[in-house]
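Every number in this text was worked out from the coordinates using simple rules, so none of it is lab data. Keep in mind it's a predicted model, so treat the numbers as computed, not measured. Positions of Cβ are backbone-derived with ideal geometry, glycine not excepted, and every protein chain shown enters the neighbour counts.
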Amino acid sequence: MDARLNLFADPLAAKLIKHFNAAGKAIADSALPAATQELVKIRASQINGCGFCTDMHTKDATAAGESAVRLHLVAAWREATVFTEAERAALELAEQGTRIADAAGGVTDEAWANAAEHYDEEQLAALVGLIALINAYNRVNVAVRQPAGDYVPGMFG
């Protein structure tokens, strides 16, 4: 399977991805825990059906030492006992932020307040930015049918 558009060869697409990556670097360098960042990226990617990002972020999380049990349970995090209360709050915010079009009220006050109990203002900014950014990456990759399965951690930098 080939992508509909080569995101790395097309000059405009490459420029856009470069800016996405710069935003991602700012988030990665924030005080939001790296494990939480990967969990959020995985969950949004699962919801959006983005195989490329799901592949990438599960492999990156594994390379960073994340357990297989936790990775296998991201999709069922509500029933799983392996996530901290802070991670659960981030995953709830990620789900609601990803499903904005499906939810009449968007992100609920309850989900926001729960996240705010666990994360400071900078971390919340990083979390909101991360949710927006992974959704953008997902939409690009799903639209162009970016193939999944061949990602190797570190291959993009």
Calculate log10 I(q)/I(0) of the range 41-116 for q = 0.13, 0.17 Å⁻¹, where I(q) comes from the Debye formula with a single equal point scatterer on each Cα and nothing for solvent. -0.40, -0.68
Which value, in debye to the nearest 20, describes the size of the charge dipole of the chain about its Cα centre when Lys and Arg Cβ atoms bear +1, Asp and Glu Cβ atoms bear -1, and nothing else is charged? 680
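Rounded if a/c is under 1.5, else prolate if a/b is larger than b/c, else oblate: which is the range 105-145, with a ≥ b ≥ c the root eigenvalues of its Cα gyration tensor? Write down the numbers at each step before the final one.
On the way: a/c = 4.53, a/b = 2.06, b/c = 2.20.
Because a/c hits 1.5 or more and a/b fails to exceed b/c, the range 105-145 counts as oblate.
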Shape category assigned to the range 11-144 from the gyration tensor of Cα positions, a/c cut at 1.5: rounded
Which of these, 113, 89, 34, has the largest mean-square fluctuation under a Gaussian network model of the chain (Cα springs below 10 Å)? 113
Calculated [θ] (222 nm, deg cm²/dmol) that DSSP helices of n ≥ 4 give over the chain, each run adding -39,500 (n - 2.57): -20500 deg cm²/dmol
Taking the chain as a Gaussian network, Cα atoms linked when under 10 Å apart, which of 32, 91, 12 shows the biggest mean-square fluctuation? 12
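Report the extension gain between residue 73 and residue 21 in nm, rounded to one decimal, defined as 0.36 nm multiplied by the number of residues separating them, less their alpha carbon distance. Walk me through the numbers on the way to the answer.
Values: separation 52, 0.36 × 52 = 18.72 nm, distance 2.72 nm.
Value of the extension gain: 16.0 nm.
For the range 54-90, state which trypsin sites (Lys or Arg not before Pro) are in a DSSP loop and have at most 13 other beta carbons lying within 10 Å of their beta carbon.
On the way: sites: 59, 70, 78, 88; in loops: 78.
For trypsin sites (Lys or Arg not before Pro) across the range 54-90 that sit outside H, G, I, E and B with at most 13 neighbouring Cβ atoms in 10 Å, the list reads 78.
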If I stretch the segment between residue 132 and residue 85 completely, what's the gain in nm (0.36 nm per residue apart, minus their alpha carbon distance), one decimal? 14.7 nm
Which of 141, 21, 114 fluctuates most in a GNM of the chain (C-alpha springs under 10 Å)? That residue is 21
